[in-house]
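Take a look at the structure below.
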Amino acid sequence: MTPAPLPAERVFHGDSTFSFAYSKRMITGYDPATRTLTTGILNLLNFGWLPDSLVPSDNPLNIHARQRIHSAFQRGLVKNGWQKEIPVSLDLNITDIRFRIRGRLDLLLESDDSVKLLEIKTIDGKPNFTDPIQSRTNNALQLYFYAKALSSERGLSPDSITSSLVFLSMDSNKPEAHYFPIDLSDDKLEKLWLDLLTGVAKFLIEEDERKNTQVSALNGFQFPYDSLRPGQQEILNEVRSCIDSKGYLIMQAPTGTGKTAAVLTGAIPGTIHGRKTLFFLTAKNTHKLIVHETLRIIIDKGIPLRGIFITAKSELCHRGRPRCFPDDCPYAMDFREKIHRSGVMKELLDLQIIGPEVLTNMAEQAGVCAFELGLCLSTQCDIVICDYNYVFDPHVFLKRFFLEGDTSKMCCLLIDEAANLPSRAMDYYSPEIKLSWIVELMNDDRCPEKRRKLLSPWIDGFREWTLHLQNTGTDEIELPPDTAIPLNTDRWIRHISELRDPPESMREMFKAIIDFSKISGVSDKRYHLLLRCENGDHILQWFCTDPSLFLWERLESCHSSIAFSATLTPFDHFGYLMGFHDENKTVSMEIAWPFPADNLRVWISPEIDTRYKYRRGSAANLTHRIREIYSSMPGTWLLFFPSYAYLELIADHFQDSGIPLLVQTPGMSREDREEFIKRIESESQLVLTVSGGIFSEGIDLSSENLLGAIIVGPSLPGMNLRMKLLSDSFHLRGIDAFIHTWAIPGIVRVIQAAGRLIRNRTERKALVLIGKRFTKYPYIGLLPEHWFKDGSIQLLSGGVNRIADFLRKGKGGTKAPP
């Protein structure tokens, strides 16, 4: 039984503070059987809409101030007899499509023979236009819809309705209202309105044809590769069942099973029939390549799919910038005109698979931002391949898909390497404020006095908190939850709303203050206020020990979710942490080892104590054991250590040994990592790496010289304040804190490291686990079943000749498809 979530208030929600206009071509509420579209007026207006420019015309950070001003203006008129938030609707038919449009009018004033309508908008500065129909077309059309809906519902003649757009200027303490009467009899409005509806109707008819073609093509749809590996048919069946039942699936399958291809193939039929968008979430480039290859084969076999790979904005930037500054970027200017003139969206959609390279090249030719173009294209694709953060991070999730329930429920999630999701989510929901941001803002010669008054209490606070930290002699401390934090949220909102282009450090500061304001003062046992010193900076953070409720909210909002990895057992441990809290809708399955049992042989060398306090004293014995194994069968051996310090200790003992070494170092660049892998695959040597690091999971090694792996110790996470707090959270849930905090993550790293060895039926490898803890509870009970031969794992207490004999035996079988 999965323990119940900790009782706690929800303190994070999807936040549109940093969003600005986007093309929302994802139409929800459409019933293809009756060809009826039921939608809100704002969704309808946003359909197919592209911004003139990516440079925001208003400060995107001041949405809170805008909402407050909007509400205050409404309240003022309500006192004078106006009604607010009036629900209206309009039904009509356009080219065989039935529209049922809904909306809420800001303000309405009724009299005996007429009605007045007001629609409120907030802007920075004063209006710089005279004709809102031309300059604020969507605003004018929104008001036009309200007038037509009221006329239809209440039998009013158009002449009896007067309407105005009200723009509230935010450049003063008391916003000034600017009224723009809208002539409802203007032929331009009717033409714009009919053009909008006709365009939507045309798109829906074309989508019907495309979807019907896809459904027809699914007849006889099969696994795209020539043959199925053992376990892949089980995966296909369970994934299809999960999507058909709108459920959850947690699946563990060993490395080499072919999870990626099987899960993707199993998900496609259900999402096509249901007109859902399929999200494949992965951070691994190797897995993205498998997805690309599988999609290409499926498309070549006659299934007309569209897929797009969403990559970080910084990696797609034509100017090579780590952060986006649209104000001086030529690729942000004239966005809509360039896209329409170039026809780049249709060209890319016709390619069917839109990868980062082709997206970047064609966007540059069109003169537009590749990242924003990719987002515009994503809602017209069947499959979106991206990182976890585009679904789960409260600041960067794709709002066009996940901000509203009606679009979120049209999404199916495939979560690759899902064992990593809980730790990523801790980062998402643990906001922090850096002293360096504050110092940078204070040292700016242009820093105004009101900003200094906001920043000074933070300087004082950090000075006080740092004294506590220094007194403990540690790098991190927990502060009392009632510590006075000088948030001054309202003052920050007012200040930042006055700025056209806030500095980057202020943007980060403001975002963190908003997040802090949602947590501070809330009784929530998941959150702990920490102060740490890191790389010379001091950082205040609300550390979240259990983000599973936030993950659950996202999973619940979607149609179905499938989490898969080589390391997801125990299921109750990972199911809870990943947010799979609904046991009635969740199915767990484990796929058996897909290769011949004799392909992998496992030994435990128990005589060496790898616990922290014994490492230095046993280093010579450990070095001797590794040298024995290498000398008995020279070739490439992967060595995995629980820390860099331990790795460096053993590397020093191998100096002047004559054995070639390849040693992982901290902070390797992408180029260094690629070169490291090339050397693994081309040379024979001892490769010293860190468990849980970049070379222990998510990479495929193709080396004829690779003989096996030696894993030193169960690789438990270190003992520090954060791990203690995490342990306390497990204890509060009434479960074994040591097993869930240290033992399970440690063995997961061991299994991930061992997964580098065998990827097909022809490979034959040896695995040596060094350390007596591998023979004891709870560690041995967490090892995979296929590591045991006849119910046990052999001890390597004597010589190592058995390893050499095993590896010298011939290899049989044929290579399976990827």
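The values are calculated or read from the model by the stated rules, or taken from the named source; none is laboratory data. All values reported here derive from a predicted model rather than from experimental measurement. Note: ideal-geometry Cβ built from the backbone for every residue, glycine included; neighbour counts use all protein chains shown. Ligands, DNA and RNA are excluded from the accessible area calculation, which covers all protein heavy atoms including side chains. Shrake-Rupley method; radii C 1.70, N 1.55, O 1.52, S 1.80 Å.
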Discussion item. Please compute the modelled spin-label separation between Ala72 and Ser227, points set 7 Å along Cα→Cβ, answer in nm with one decimal.
Written reply: 7.4 nm
Item to complete: Could you check how much of the accessible area of the range 100-253 is carbon and sulfur, as a whole percent, using a 1.4 Å probe?
Response: 45 percent
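Given the Cα-Cα distance of Ala592 and Tyr614 and 0.36 nm per residue of separation, how much length would full extension add, in nm?
Working: separation 22, 0.36 × 22 = 7.92 nm, distance 3.66 nm.
Between Ala592 and Tyr614, full extension yields 4.3 nm more.
Where does each of 351-364, 682-695 land if you order them by average Cβ count within 10 Å, highest first?
Values: 351-364: 17.5, 682-695: 19.9.
Descending packing order for the listed peptides: 682-695, 351-364.
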Worksheet item: Can you list the aspartates and glutamates whose alpha carbon sits under 13 Å from that of Lys789, skipping same-chain ones fewer than 8 residues off?
Response: Asp598
Worksheet item: So, in Å, what gap is there between the alpha-carbon centers of the range 391-460 and the range 516-553?
Response: 12 Å
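Classify the range 36-180: rounded, prolate or oblate, from the alpha-carbon gyration tensor (a ≥ b ≥ c, eigenvalue square roots; a/c under 1.5 rounded; otherwise prolate if a/b is larger than b/c)? Could the numbers behind the result be given before it?
Working: a/c = 1.95, a/b = 1.21, b/c = 1.60.
Judged from the Cα gyration tensor, the range 36-180 comes out oblate (a/c at least 1.5, b/c at or above a/b).
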Worksheet, complete the sentence: Dipole check, the chain, charges on Cβ (K,R +1; D,E -1), about Cα centroid: among Ile604, Cys533, Leu757 the Cα furthest to the positive pole belongs to Ile604
Fill in: Accessible area of the chain divided out per residue, in Å², using a probe of 1.4 angstrom
43 Å²
Item to complete: Read through the labelled values (1) 38.2; (2) 43.9; (3) 47.9 and report the label of the one computed as mean projected area of the Cα convex hull in nm² from the structure.
Response: (1)
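Charges only on Cβ, +1 for Lys and Arg, -1 for Asp and Glu: so what's the dipole of the chain about the Cα centre, in debye to the nearest 20?
On the way: 95 positive and 101 negative charges, 303 e Å.
Computed charge dipole of the chain: roughly 1460 debye.
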Discussion item. Can you classify the range 374-419 as rounded, prolate or oblate using the Cα gyration tensor, where a ≥ b ≥ c are the square roots of its eigenvalues, rounded means a/c under 1.5, and otherwise it's prolate if a/b beats b/c and oblate if not?
Written reply: rounded
Response to the item:
For His292 the rounded accessible area (nearest 10 Å², probe 1.4 Å, non-protein molecules ignored) is 70 Å²
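Go ahead and estimate [θ] at 222 nm for the chain from helices alone: -39,500 (n - 2.57) per DSSP H run with n ≥ 4, summed, over the residue count, rounded to 500.
Working: 29 runs with 325 residues, N = 818.
Calculated mean residue ellipticity at 222 nm is -12000 deg cm²/dmol.
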Worksheet item: Counting Lys and Arg as +1 and Asp and Glu as -1, what is the net charge of the other residues whose Cβ lies under 14 Å from the Cβ of Ser565?
Response: 0
Discussion item. Using 31 Å as the Cα-Cα cut-off, could you pick out the over-long pairs in Lys84/Lys246; Lys434/Lys585; Lys202/Lys399; Lys313/Lys585; Lys288/Lys809?
Written reply: Lys84/Lys246; Lys434/Lys585; Lys313/Lys585; Lys288/Lys809
Worksheet item: Shape call for the range 464-552 from the C-alpha gyration tensor, a ≥ b ≥ c root eigenvalues: rounded (a/c under 1.5), prolate (a/b greater than b/c) or oblate?
Response: oblate
Worksheet item: Which whole-angstrom value gives the distance between the alpha carbon centres of the range 193-254 and the range 359-384?
Response: 23 Å
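Filter the chain for me: DSSP H helices, axial length by Cα at least 20 angstrom, mean Kyte-Doolittle hydropathy not below -0.5. List them by residue number.
The qualifying helices are 63-78, 137-154, 187-217, 259-273, 285-300, 504-519.
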